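The values are calculated or read from the model by the stated rules, or taken from the named source; none is laboratory data. The structure presented is a predicted model; accordingly, all values stated were derived computationally and were not measured. Please note: Cβ atoms are built from the backbone with ideal geometry, for glycine as well, and neighbour counts cover all protein chains shown. When the accessible area is computed, the model is the full protein with side chains, heavy atoms only, and any ligands, DNA or RNA have been set aside. Shrake-Rupley method; radii C 1.70, N 1.55, O 1.52, S 1.80 Å.
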Amino acid sequence: MLSGKIYSAVDKQLIKELGDTRELIYDYNHLRPSEHAKKLELLKSLLGHIGDDALIINQPFYCDYGKQISVGKRFFANFNLTILDEAPVTIGDDCFMGPNVSIYTACHSTDPRERNSRREWAEAVSIGNNVWIGGSVTILPGVTIGDNVTIGAGSVVNKDIPSGSIAVGNPCKVVKRIED
């Protein structure tokens, strides 16, 4: 799965891992907002890597495996962050995400017979440093977003976005370059 090769989405080990992660997610999403230490403890056991300094992921938060997610320093995500991390998802330092952001790595065939076989593959997503992702943005499998980027609310990011850009729309396109 992590290598990008075709795998069975109904593999017993993967189903168990998904179930274990769902238990942790349930616990996280049912903590009181004031229970910062418990939230951080759960996130550390759930995510693959957490950078130093403040880490805030507002509840509810959803992911598939968790351990394929790496977030840098001073990460903030508003309500309803969803990450389908069948492949690695790497998020740099000083990244901010609005509400209802979705990051997908899972890929499915467009052929119904192939899709119904439950065979799929995954493509990693990488987000650089100093990135703002507006509310209700969807980031599709295989996308790389560079450093110092702003993605406008409601965008569907289906292609790489270069560093120093402001990008918006469906499909998301660069509309402005930012000078250093």
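Side notes on the structure shown:
- Qualifying residue in the stretch 105-118 (condition: at pLDDT 95 or above, open to solvent by 50 Å² or more (accessible area, probe 1.4 Å) and in contact with an Asp or Glu (Cβ under 6 Å, 6 or more places away or on another chain)): no
- Condition broken by Thr144, with the remaining ones in (1) surrounded by fewer than 20 Cβ atoms within 10 Å (Cβ to Cβ); (2) touching an Asp or Glu at 6+ places or on another chain (Cβ under 7 Å); (3) closer than 22 Å to Asp52 by Cα satisfied: (3)
Residue-wise test of (1) closer than 29 Å to Gly4 by Cα; (2) in contact with a Leu (Cβ under 7 Å, 6 or more places away or on another chain).
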| position | (1), (2) |
| --- | --- |
| Arg32 | no, no |
| Ala37 | no, no |
| Leu43 | yes, yes |
| Gly51 | yes, no |
| Asp64 | yes, yes |
| Val71 | yes, yes |
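- Scan of the stretch 64-73 for residues that are crowded, with 17+ Cβ neighbours inside 10 Å and either of a type in the set (A, V, I, L, M, F, W, C) or over 12 Å from Gly48 (Cα atoms) (or both), ordered by number: Asp64, Ile69, Val71
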